[in-house]
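Report on the structure given below.
The values are calculated or read from the model by the stated rules, or taken from the named source; none is laboratory data. For clarity, every value in this text was computed on a predicted model and none was experimentally measured. Positions of Cβ are generated from backbone atoms using ideal geometry, with glycine treated the same way; all protein chains shown enter the neighbour counts.
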Amino acid sequence: MTNFFDGIAPVRYDPDATTDLAYRHYNPDEIVLGKRMEDQLRFAIAYWHSFNWEGGDPFGGQTFERPWYPQDSMRNAKVKADAAFEMFALLGQPFFCFHDADICPGGETFAEYLSNLDEITDYIGPKMEATGTKLLWGTANLFTHRRFMSGAATNPDPDVFAWSAATVKACMDATARLGGENYVLWGGREGYETLLNTDLVRERQQAGRFLQMVVAYKHKIGFKGQILIEPKPQEPSKHQYDYDVNTVYSFVKEFGLEGEVAMNIEQGHAILAGHSFEHELAMAAAFGLLGSIDMNRNDYQSGWDTDQFPNNVPEVALAYYEILKAGGFDRGGTNFDAKLRRQSLDAEDLIAGHVGAMDVCARGLKAAAAMLEDGGLETARAERYAGWDSAAARDMLANGTLESISERVLRDDIAPRPRSGRQERLENYINRFV
Ligand code: XUL
Ligand code: CO
(Lines give C-alpha, C1' and ligand atoms only; values in the text may rest on other atoms or scores of the structure.)
(Ligands and ions follow the chains in the order given, each with its own letter.)
Protein backbone atom coordinates (compact mmCIF):
# COMPACT_ATOMS: atom_id res chain seq x y z
CA MET A 1 0.00 0.00 0.00
CA THR A 2 1.13 3.54 -0.75
CA ASN A 3 -0.62 6.69 0.40
CA PHE A 4 -0.18 8.39 -2.96
CA PHE A 5 -3.90 8.44 -3.81
CA ASP A 6 -5.12 9.08 -0.26
CA GLY A 7 -8.35 11.03 -0.14
CA ILE A 8 -9.44 10.02 -3.67
CA ALA A 9 -12.58 7.88 -3.84
CA PRO A 10 -13.20 5.22 -6.51
CA VAL A 11 -14.55 6.89 -9.65
CA ARG A 12 -18.13 5.92 -10.49
CA TYR A 13 -20.62 6.60 -13.25
CA ASP A 14 -22.91 9.42 -12.16
CA PRO A 15 -24.40 11.59 -14.92
CA ASP A 16 -25.50 14.17 -12.35
CA ALA A 17 -22.28 14.27 -10.36
CA THR A 18 -21.34 17.57 -8.79
CA THR A 19 -17.70 16.58 -8.20
CA ASP A 20 -14.89 16.55 -10.81
CA LEU A 21 -13.87 12.95 -10.47
CA ALA A 22 -16.93 11.10 -11.78
CA TYR A 23 -17.79 9.48 -15.10
CA ARG A 24 -20.63 11.41 -16.69
CA HIS A 25 -20.66 9.34 -19.89
CA TYR A 26 -18.57 6.22 -19.28
CA ASN A 27 -21.14 3.76 -18.02
CA PRO A 28 -19.45 0.33 -18.32
CA ASP A 29 -22.72 -1.65 -18.36
CA GLU A 30 -24.61 0.48 -20.87
CA ILE A 31 -25.21 -1.44 -24.10
CA VAL A 32 -23.81 0.19 -27.21
CA LEU A 33 -24.38 -1.63 -30.51
CA GLY A 34 -25.09 -4.88 -28.73
CA LYS A 35 -22.10 -4.87 -26.38
CA ARG A 36 -21.38 -3.44 -22.94
CA MET A 37 -19.63 -0.08 -23.25
CA GLU A 38 -16.69 -1.47 -21.29
CA ASP A 39 -16.32 -4.28 -23.85
CA GLN A 40 -16.57 -1.90 -26.81
CA LEU A 41 -13.98 0.56 -25.51
CA ARG A 42 -11.63 -1.83 -23.67
CA PHE A 43 -9.74 1.00 -21.91
CA ALA A 44 -6.10 0.53 -20.93
CA ILE A 45 -3.74 2.72 -18.93
CA ALA A 46 -0.12 3.04 -20.03
CA TYR A 47 2.27 2.33 -17.18
CA TRP A 48 5.02 4.24 -19.01
CA HIS A 49 3.57 7.71 -19.17
CA SER A 50 1.50 7.49 -16.00
CA PHE A 51 4.16 6.12 -13.67
CA ASN A 52 7.60 6.33 -15.31
CA TRP A 53 7.62 9.64 -16.98
CA GLU A 54 8.98 12.22 -14.53
CA GLY A 55 7.81 15.46 -16.17
CA GLY A 56 10.94 16.34 -18.15
CA ASP A 57 11.12 18.17 -21.47
CA PRO A 58 14.11 19.13 -23.68
CA PHE A 59 14.73 22.19 -21.46
CA GLY A 60 14.18 20.81 -18.00
CA GLY A 61 14.12 17.64 -15.99
CA GLN A 62 11.86 16.04 -13.44
CA THR A 63 8.97 18.10 -12.12
CA PHE A 64 6.94 15.34 -10.47
CA GLU A 65 7.62 13.94 -7.01
CA ARG A 66 6.53 10.36 -6.48
CA PRO A 67 7.11 7.87 -3.67
CA TRP A 68 8.69 5.45 -6.19
CA TYR A 69 11.53 7.77 -7.27
CA PRO A 70 14.43 7.21 -7.91
CA GLN A 71 13.37 4.48 -10.31
CA ASP A 72 16.54 2.42 -10.11
CA SER A 73 15.77 -0.25 -7.53
CA MET A 74 13.49 -3.27 -7.34
CA ARG A 75 12.22 -1.90 -4.04
CA ASN A 76 10.90 1.23 -5.75
CA ALA A 77 9.64 -0.80 -8.71
CA LYS A 78 7.36 -2.55 -6.24
CA VAL A 79 6.20 0.72 -4.67
CA LYS A 80 5.41 1.89 -8.21
CA ALA A 81 3.45 -1.30 -8.93
CA ASP A 82 1.51 -0.81 -5.67
CA ALA A 83 0.58 2.74 -6.70
CA ALA A 84 -0.26 1.73 -10.27
CA PHE A 85 -2.69 -0.95 -9.14
CA GLU A 86 -4.16 1.41 -6.56
CA MET A 87 -4.95 3.79 -9.42
CA PHE A 88 -6.36 0.98 -11.59
CA ALA A 89 -8.68 0.04 -8.72
CA LEU A 90 -9.83 3.67 -8.37
CA LEU A 91 -10.50 4.12 -12.08
CA GLY A 92 -11.88 0.65 -12.76
CA GLN A 93 -10.63 0.47 -16.36
CA PRO A 94 -10.26 -3.16 -17.45
CA PHE A 95 -6.67 -3.16 -18.85
CA PHE A 96 -3.15 -1.77 -18.54
CA CYS A 97 -0.06 -1.85 -20.80
CA PHE A 98 3.66 -1.85 -20.03
CA HIS A 99 7.19 -1.71 -21.41
CA ASP A 100 9.71 -3.88 -19.56
CA ALA A 101 11.63 -0.76 -18.53
CA ASP A 102 8.47 0.73 -16.99
CA ILE A 103 7.95 -2.07 -14.52
CA CYS A 104 11.54 -2.77 -13.39
CA PRO A 105 15.08 -1.45 -13.71
CA GLY A 106 17.19 -2.95 -16.50
CA GLY A 107 20.10 -4.06 -14.30
CA GLU A 108 23.80 -4.18 -15.16
CA THR A 109 23.78 -7.44 -17.15
CA PHE A 110 21.28 -9.34 -19.24
CA ALA A 111 21.03 -11.98 -16.51
CA GLU A 112 20.15 -9.31 -13.95
CA TYR A 113 17.56 -7.86 -16.34
CA LEU A 114 15.93 -11.29 -16.69
CA SER A 115 15.85 -11.80 -12.95
CA ASN A 116 14.31 -8.34 -12.36
CA LEU A 117 11.66 -8.94 -15.00
CA ASP A 118 10.82 -12.31 -13.50
CA GLU A 119 10.57 -10.91 -9.99
CA ILE A 120 8.28 -8.03 -10.97
CA THR A 121 6.11 -10.31 -13.13
CA ASP A 122 5.60 -12.49 -10.06
CA TYR A 123 4.75 -9.38 -8.06
CA ILE A 124 2.28 -7.97 -10.61
CA GLY A 125 0.41 -11.21 -11.37
CA PRO A 126 -1.40 -11.41 -8.00
CA LYS A 127 -2.22 -7.68 -8.18
CA MET A 128 -3.92 -8.27 -11.54
CA GLU A 129 -5.94 -11.06 -9.95
CA ALA A 130 -6.85 -8.97 -6.91
CA THR A 131 -8.02 -5.91 -8.89
CA GLY A 132 -9.31 -7.79 -11.95
CA THR A 133 -7.08 -5.63 -14.18
CA LYS A 134 -5.97 -7.44 -17.34
CA LEU A 135 -3.02 -6.85 -19.63
CA LEU A 136 -3.92 -5.36 -23.02
CA TRP A 137 -0.33 -5.55 -24.22
CA GLY A 138 3.26 -5.83 -23.17
CA THR A 139 6.25 -4.53 -25.08
CA ALA A 140 10.01 -3.99 -24.82
CA ASN A 141 11.63 -0.61 -24.49
CA LEU A 142 14.29 -0.83 -27.21
CA PHE A 143 14.92 2.90 -27.42
CA THR A 144 15.89 4.56 -24.11
CA HIS A 145 19.21 2.93 -23.19
CA ARG A 146 22.26 4.24 -25.07
CA ARG A 147 22.91 0.78 -26.55
CA PHE A 148 19.86 1.42 -28.78
CA MET A 149 20.96 4.85 -30.04
CA SER A 150 21.46 3.48 -33.58
CA GLY A 151 18.41 1.24 -33.50
CA ALA A 152 17.55 -2.19 -32.12
CA ALA A 153 16.83 -4.72 -34.90
CA THR A 154 18.18 -2.23 -37.47
CA ASN A 155 21.43 -1.55 -35.61
CA PRO A 156 24.72 -1.78 -37.56
CA ASP A 157 26.06 -3.83 -34.61
CA PRO A 158 24.85 -7.48 -34.59
CA ASP A 159 25.32 -7.60 -30.81
CA VAL A 160 22.55 -5.01 -30.43
CA PHE A 161 20.33 -7.10 -32.72
CA ALA A 162 21.06 -10.10 -30.46
CA TRP A 163 20.39 -8.16 -27.25
CA SER A 164 17.12 -6.86 -28.73
CA ALA A 165 15.98 -10.32 -29.84
CA ALA A 166 16.74 -11.78 -26.41
CA THR A 167 14.89 -8.88 -24.77
CA VAL A 168 11.80 -9.32 -26.93
CA LYS A 169 11.79 -13.05 -26.15
CA ALA A 170 11.80 -12.22 -22.42
CA CYS A 171 9.04 -9.62 -22.82
CA MET A 172 6.89 -11.97 -24.89
CA ASP A 173 7.33 -14.60 -22.16
CA ALA A 174 6.33 -12.09 -19.46
CA THR A 175 3.35 -10.88 -21.53
CA ALA A 176 2.16 -14.44 -22.10
CA ARG A 177 2.60 -15.28 -18.42
CA LEU A 178 0.40 -12.31 -17.44
CA GLY A 179 -2.27 -13.34 -19.96
CA GLY A 180 -1.59 -10.38 -22.29
CA GLU A 181 -4.02 -10.06 -25.19
CA ASN A 182 -1.46 -8.48 -27.54
CA TYR A 183 2.25 -7.88 -27.92
CA VAL A 184 3.29 -4.49 -29.36
CA LEU A 185 6.31 -3.55 -31.44
CA TRP A 186 6.83 0.14 -31.86
CA GLY A 187 10.09 0.71 -33.76
CA GLY A 188 11.32 3.50 -31.49
CA ARG A 189 14.70 3.94 -33.15
CA GLU A 190 14.17 1.66 -36.14
CA GLY A 191 14.99 4.40 -38.59
CA TYR A 192 17.90 6.71 -39.25
CA GLU A 193 19.25 10.19 -38.78
CA THR A 194 21.30 10.57 -41.98
CA LEU A 195 21.57 8.52 -45.13
CA LEU A 196 25.29 9.40 -45.18
CA ASN A 197 26.01 6.61 -42.68
CA THR A 198 23.02 4.35 -43.34
CA ASP A 199 22.46 1.26 -45.48
CA LEU A 200 18.68 1.39 -45.50
CA VAL A 201 18.22 -1.73 -47.62
CA ARG A 202 20.18 -3.77 -45.09
CA GLU A 203 18.42 -2.18 -42.10
CA ARG A 204 14.96 -2.94 -43.50
CA GLN A 205 16.00 -6.55 -44.13
CA GLN A 206 17.16 -6.84 -40.50
CA ALA A 207 13.85 -5.42 -39.24
CA GLY A 208 11.94 -7.85 -41.49
CA ARG A 209 13.92 -10.87 -40.22
CA PHE A 210 13.41 -9.70 -36.64
CA LEU A 211 9.65 -9.58 -37.13
CA GLN A 212 9.64 -13.03 -38.70
CA MET A 213 11.45 -14.31 -35.60
CA VAL A 214 8.86 -12.66 -33.33
CA VAL A 215 6.03 -14.33 -35.25
CA ALA A 216 7.81 -17.71 -35.17
CA TYR A 217 8.28 -17.41 -31.40
CA LYS A 218 4.64 -16.47 -30.90
CA HIS A 219 3.67 -19.76 -32.55
CA LYS A 220 6.37 -21.68 -30.66
CA ILE A 221 5.01 -20.65 -27.25
CA GLY A 222 1.38 -20.76 -28.36
CA PHE A 223 0.80 -17.09 -27.55
CA LYS A 224 -2.80 -16.45 -28.55
CA GLY A 225 -2.57 -12.65 -28.66
CA GLN A 226 -2.02 -10.43 -31.67
CA ILE A 227 1.38 -9.10 -32.64
CA LEU A 228 0.82 -5.39 -33.23
CA ILE A 229 3.10 -3.00 -35.11
CA GLU A 230 2.72 0.67 -34.14
CA PRO A 231 3.47 3.11 -36.97
CA LYS A 232 5.11 6.49 -36.34
CA PRO A 233 6.75 8.74 -38.93
CA GLN A 234 9.58 10.30 -36.90
CA GLU A 235 10.67 11.20 -33.38
CA PRO A 236 13.00 9.91 -32.09
CA SER A 237 14.45 8.92 -35.51
CA LYS A 238 14.31 11.47 -38.30
CA HIS A 239 13.18 8.81 -40.79
CA GLN A 240 11.28 5.91 -39.33
CA TYR A 241 10.82 2.63 -41.27
CA ASP A 242 7.25 2.20 -40.04
CA TYR A 243 6.14 5.70 -41.05
CA ASP A 244 2.38 5.15 -41.31
CA VAL A 245 -0.20 2.44 -41.96
CA ASN A 246 0.56 2.26 -45.68
CA THR A 247 4.29 1.97 -45.11
CA VAL A 248 3.81 -0.78 -42.53
CA TYR A 249 1.49 -2.58 -44.93
CA SER A 250 4.19 -2.68 -47.62
CA PHE A 251 6.57 -4.06 -45.00
CA VAL A 252 4.06 -6.72 -43.95
CA LYS A 253 3.64 -7.81 -47.60
CA GLU A 254 7.35 -7.78 -48.37
CA PHE A 255 8.26 -9.97 -45.41
CA GLY A 256 5.35 -12.41 -45.72
CA LEU A 257 3.69 -11.39 -42.46
CA GLU A 258 0.10 -11.14 -43.70
CA GLY A 259 -2.32 -12.73 -41.31
CA GLU A 260 0.39 -12.77 -38.61
CA VAL A 261 0.44 -9.15 -37.48
CA ALA A 262 -1.99 -6.27 -37.10
CA MET A 263 -1.47 -2.61 -36.17
CA ASN A 264 -1.66 -0.47 -33.07
CA ILE A 265 -2.56 2.97 -34.37
CA GLU A 266 -1.93 6.09 -32.32
CA GLN A 267 -3.82 9.35 -32.87
CA GLY A 268 -0.74 11.50 -32.31
CA HIS A 269 1.40 9.44 -34.68
CA ALA A 270 -1.24 9.79 -37.41
CA ILE A 271 -1.12 13.57 -36.97
CA LEU A 272 2.70 13.57 -37.10
CA ALA A 273 2.47 11.66 -40.39
CA GLY A 274 0.23 14.37 -41.82
CA HIS A 275 -2.90 12.21 -41.71
CA SER A 276 -6.07 12.31 -39.69
CA PHE A 277 -6.58 9.50 -37.17
CA GLU A 278 -9.69 8.29 -39.00
CA HIS A 279 -7.70 8.07 -42.24
CA GLU A 280 -5.15 5.76 -40.62
CA LEU A 281 -7.90 3.65 -39.04
CA ALA A 282 -9.82 3.35 -42.29
CA MET A 283 -6.62 2.42 -44.16
CA ALA A 284 -5.77 -0.29 -41.61
CA ALA A 285 -9.32 -1.62 -41.72
CA ALA A 286 -9.12 -1.77 -45.52
CA PHE A 287 -6.03 -3.98 -45.23
CA GLY A 288 -7.66 -6.08 -42.49
CA LEU A 289 -4.93 -4.93 -40.08
CA LEU A 290 -6.86 -2.82 -37.55
CA GLY A 291 -5.77 -4.23 -34.19
CA SER A 292 -5.79 -1.68 -31.35
CA ILE A 293 -5.43 2.05 -30.71
CA ASP A 294 -3.48 4.52 -28.61
CA MET A 295 -6.01 7.32 -28.12
CA ASN A 296 -3.61 10.11 -27.12
CA ARG A 297 -3.54 13.24 -29.20
CA ASN A 298 -0.92 15.69 -30.35
CA ASP A 299 -0.94 19.42 -30.17
CA TYR A 300 -1.71 20.66 -33.69
CA GLN A 301 0.73 23.54 -33.55
CA SER A 302 3.84 22.15 -31.86
CA GLY A 303 4.79 19.38 -34.32
CA TRP A 304 5.89 17.17 -31.42
CA ASP A 305 4.51 13.92 -30.12
CA THR A 306 2.92 15.62 -27.12
CA ASP A 307 0.94 12.55 -25.97
CA GLN A 308 -1.99 14.48 -24.46
CA PHE A 309 -5.17 12.97 -23.12
CA PRO A 310 -7.96 13.08 -25.74
CA ASN A 311 -10.42 15.95 -25.30
CA ASN A 312 -12.09 16.46 -28.66
CA VAL A 313 -15.38 14.58 -28.92
CA PRO A 314 -16.03 15.12 -32.67
CA GLU A 315 -12.56 13.76 -33.54
CA VAL A 316 -12.91 10.80 -31.23
CA ALA A 317 -16.38 10.07 -32.66
CA LEU A 318 -14.99 9.85 -36.20
CA ALA A 319 -12.29 7.46 -34.97
CA TYR A 320 -14.77 5.13 -33.25
CA TYR A 321 -17.00 5.34 -36.31
CA GLU A 322 -14.23 3.66 -38.34
CA ILE A 323 -13.57 1.14 -35.58
CA LEU A 324 -17.23 0.19 -35.16
CA LYS A 325 -17.71 0.06 -38.93
CA ALA A 326 -14.84 -2.41 -39.07
CA GLY A 327 -16.60 -4.58 -36.48
CA GLY A 328 -15.17 -3.13 -33.27
CA PHE A 329 -12.26 -4.39 -31.21
CA ASP A 330 -11.56 -8.06 -30.93
CA ARG A 331 -8.39 -8.41 -28.83
CA GLY A 332 -7.46 -4.75 -29.17
CA GLY A 333 -8.64 -1.82 -27.09
CA THR A 334 -8.29 1.88 -26.32
CA ASN A 335 -4.97 2.59 -24.64
CA PHE A 336 -4.15 6.02 -23.24
CA ASP A 337 -0.47 6.38 -24.07
CA ALA A 338 -0.86 9.82 -22.52
CA LYS A 339 1.23 12.03 -20.26
CA LEU A 340 0.17 14.72 -17.88
CA ARG A 341 1.47 18.20 -18.67
CA ARG A 342 4.62 18.78 -16.64
CA GLN A 343 2.93 21.34 -14.36
CA SER A 344 0.21 18.84 -13.41
CA LEU A 345 1.95 17.64 -10.30
CA ASP A 346 -0.74 16.00 -8.21
CA ALA A 347 -2.19 12.53 -7.87
CA GLU A 348 -5.61 14.10 -8.63
CA ASP A 349 -4.25 15.32 -11.98
CA LEU A 350 -3.37 11.77 -12.95
CA ILE A 351 -6.86 10.57 -12.06
CA ALA A 352 -8.56 13.57 -13.72
CA GLY A 353 -6.63 13.06 -16.97
CA HIS A 354 -7.92 9.50 -17.25
CA VAL A 355 -11.47 10.30 -16.11
CA GLY A 356 -11.76 13.02 -18.76
CA ALA A 357 -10.23 10.81 -21.44
CA MET A 358 -12.59 7.94 -20.68
CA ASP A 359 -15.60 10.27 -20.74
CA VAL A 360 -14.55 11.86 -24.04
CA CYS A 361 -14.16 8.38 -25.54
CA ALA A 362 -17.51 7.24 -24.16
CA ARG A 363 -19.24 10.26 -25.71
CA GLY A 364 -17.41 9.66 -28.98
CA LEU A 365 -18.37 6.00 -28.98
CA LYS A 366 -22.04 6.76 -28.34
CA ALA A 367 -22.06 9.35 -31.13
CA ALA A 368 -20.33 6.93 -33.51
CA ALA A 369 -22.80 4.16 -32.70
CA ALA A 370 -25.74 6.52 -33.27
CA MET A 371 -24.33 7.60 -36.64
CA LEU A 372 -23.80 4.02 -37.66
CA GLU A 373 -27.32 3.04 -36.61
CA ASP A 374 -28.77 6.03 -38.42
CA GLY A 375 -26.81 5.09 -41.54
CA GLY A 376 -26.78 8.60 -43.00
CA LEU A 377 -23.11 8.61 -43.95
CA GLU A 378 -23.28 5.18 -45.56
CA THR A 379 -26.40 6.11 -47.53
CA ALA A 380 -24.73 9.26 -48.79
CA ARG A 381 -21.62 7.29 -49.71
CA ALA A 382 -23.65 4.64 -51.52
CA GLU A 383 -25.48 7.34 -53.50
CA ARG A 384 -22.21 8.97 -54.46
CA TYR A 385 -20.89 5.75 -56.00
CA ALA A 386 -24.25 4.52 -57.34
CA GLY A 387 -23.07 4.90 -60.94
CA TRP A 388 -20.76 1.95 -60.34
CA ASP A 389 -23.75 -0.32 -59.70
CA SER A 390 -24.67 -0.36 -63.39
CA ALA A 391 -23.78 -3.46 -65.40
CA ALA A 392 -21.79 -1.42 -67.91
CA ALA A 393 -19.66 0.21 -65.21
CA ARG A 394 -18.97 -3.07 -63.46
CA ASP A 395 -18.07 -4.75 -66.73
CA MET A 396 -15.71 -1.87 -67.59
CA LEU A 397 -13.83 -2.29 -64.31
CA ALA A 398 -13.65 -6.07 -64.53
CA ASN A 399 -13.01 -6.62 -68.23
CA GLY A 400 -12.38 -3.26 -69.87
CA THR A 401 -9.32 -2.27 -71.89
CA LEU A 402 -8.38 1.22 -72.94
CA GLU A 403 -9.56 0.40 -76.50
CA SER A 404 -12.92 -1.11 -75.49
CA ILE A 405 -13.62 1.77 -73.12
CA SER A 406 -12.66 4.32 -75.74
CA GLU A 407 -15.12 2.67 -78.20
CA ARG A 408 -17.89 2.79 -75.61
CA VAL A 409 -17.28 6.48 -74.80
CA LEU A 410 -17.73 7.30 -78.50
CA ARG A 411 -20.61 4.89 -79.14
CA ASP A 412 -22.71 5.90 -76.08
CA ASP A 413 -21.72 9.55 -76.30
CA ILE A 414 -20.52 9.49 -72.68
CA ALA A 415 -20.18 12.96 -71.14
CA PRO A 416 -19.45 13.20 -67.38
CA ARG A 417 -21.67 15.60 -65.42
CA PRO A 418 -20.01 16.77 -62.17
CA ARG A 419 -22.11 16.29 -59.00
CA SER A 420 -21.76 17.89 -55.60
CA GLY A 421 -19.61 16.12 -52.99
CA ARG A 422 -21.97 17.61 -50.36
CA GLN A 423 -19.19 18.01 -47.78
CA GLU A 424 -20.86 20.81 -45.80
CA ARG A 425 -24.11 18.86 -45.56
CA LEU A 426 -22.22 15.85 -44.26
CA GLU A 427 -20.34 17.96 -41.74
CA ASN A 428 -23.64 19.37 -40.55
CA TYR A 429 -24.97 15.83 -40.30
CA ILE A 430 -22.05 14.80 -38.04
CA ASN A 431 -22.75 17.80 -35.82
CA ARG A 432 -26.20 16.46 -35.06
CA PHE A 433 -24.59 13.51 -33.25
CA VAL A 434 -21.61 15.03 -31.46
C1 XUL B 1 5.86 6.21 -28.47
C2 XUL B 1 4.75 5.27 -28.23
C3 XUL B 1 5.02 4.05 -27.43
C4 XUL B 1 4.37 2.83 -27.97
C5 XUL B 1 4.85 1.56 -27.30
O6 XUL B 1 5.53 7.32 -29.22
O7 XUL B 1 3.65 5.52 -28.66
O8 XUL B 1 4.56 4.25 -26.13
O9 XUL B 1 2.99 2.90 -27.81
O10 XUL B 1 6.20 1.42 -27.30
CO1 CO C 1 1.85 4.58 -28.50
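Points worth noting:
- Residue count for region 333-362, restricted to those that are surrounded by fewer than 24 Cβ atoms within 10 Å (Cβ to Cβ) and among the hydroxyl-bearing types (S, T, Y): 1.
- Residues that are surrounded by 15 or more Cβ atoms within 10 Å (Cβ to Cβ), part of a helix (DSSP H, G or I) and either free of Cβ contacts under 8 Å to residues at least 40 places away in the same chain or within 16 Å of ligand 1 (Cβ to nearest atom) (or both), drawn from region 70-98: N76, K80, A84
- So G222, is it in the same structural domain as D305 (by TED's automatic domain parsing) and either touching a residue at least 60 places away in the same chain (Cβ under 8 Å) or buried (at least 18 other Cβ atoms within 10 Å of the Cβ) (or both): no
- Members of region 398-428 that are within 21 Å of E378 (Cβ to Cβ) and either part of a helix (DSSP H, G or I) or touching a Cys at 6+ places or on another chain (Cβ under 6 Å) (or both): Q423, E424, R425, L426, E427, N428
- Number of the exception - A380 against (1) surrounded by fewer than 16 Cβ atoms within 10 Å (Cβ to Cβ); (2) small (G, A, S); (3) within 30 Å of P67 (Cβ to Cβ): (3)
- Cβ-Cβ under 6 Å pairs, at least 6 apart or on other chains, region 57-69 side among the β-branched types (V, I, T), far side surrounded by 10 or more Cβ atoms within 10 Å (Cβ to Cβ): T63/G55; T63/R342
- All told, L281 meets the bar of being of a type in the set (A, V, I, L, M, F, W, C) and surrounded by 22 or more Cβ atoms within 10 Å (Cβ to Cβ).
- Scan region 23-50 for residues that are acidic (D, E) and crowded, with 18+ Cβ neighbours inside 10 Å and the total you get is 1.
- From the options D359, D307, D374, D299, residue that is within 29 Å of P236 (Cβ to Cβ) and either outside the structural domain of I45 (by TED's automatic domain parsing) or at pLDDT 95 or above (or both): D307
- Look at (1) under 24 Å from L136 (Cα atoms); (2) within 16 Å of the chain's Cα centre (by Cα); (3) more than 16 Å from ligand 2 (Cβ to nearest atom) and you find that S276 fails only one, number (1).
- Test: residue in region 23-42 that is of a type in the set (F, W, Y), closer than 22 Å to Y320 by Cα and not in a loop (DSSP other than H, G, I, E, B): yes
- Residue among L185, L211, L228 that alone is of a type in the set (A, V, I, L, M) and more than 14 Å from ligand 1 (Cβ to nearest atom): L211
- So S404, is it polar (S, T, N, Q) and within 25 Å of F43 (Cα to Cα): no
- Q205 vs. criteria assigned by TED's automatic domain parsing to the domain that holds L185, within 16 Å of ligand 2 (Cβ to nearest atom) and surrounded by fewer than 21 Cβ atoms within 10 Å (Cβ to Cβ): no
- The lone criterion from (1) among the small types (G, A, S); (2) farther than 30 Å from D57 by Cβ; (3) away from ligand 2 (no atom under 16 Å from the Cβ) left unmet by G332 is number (3).
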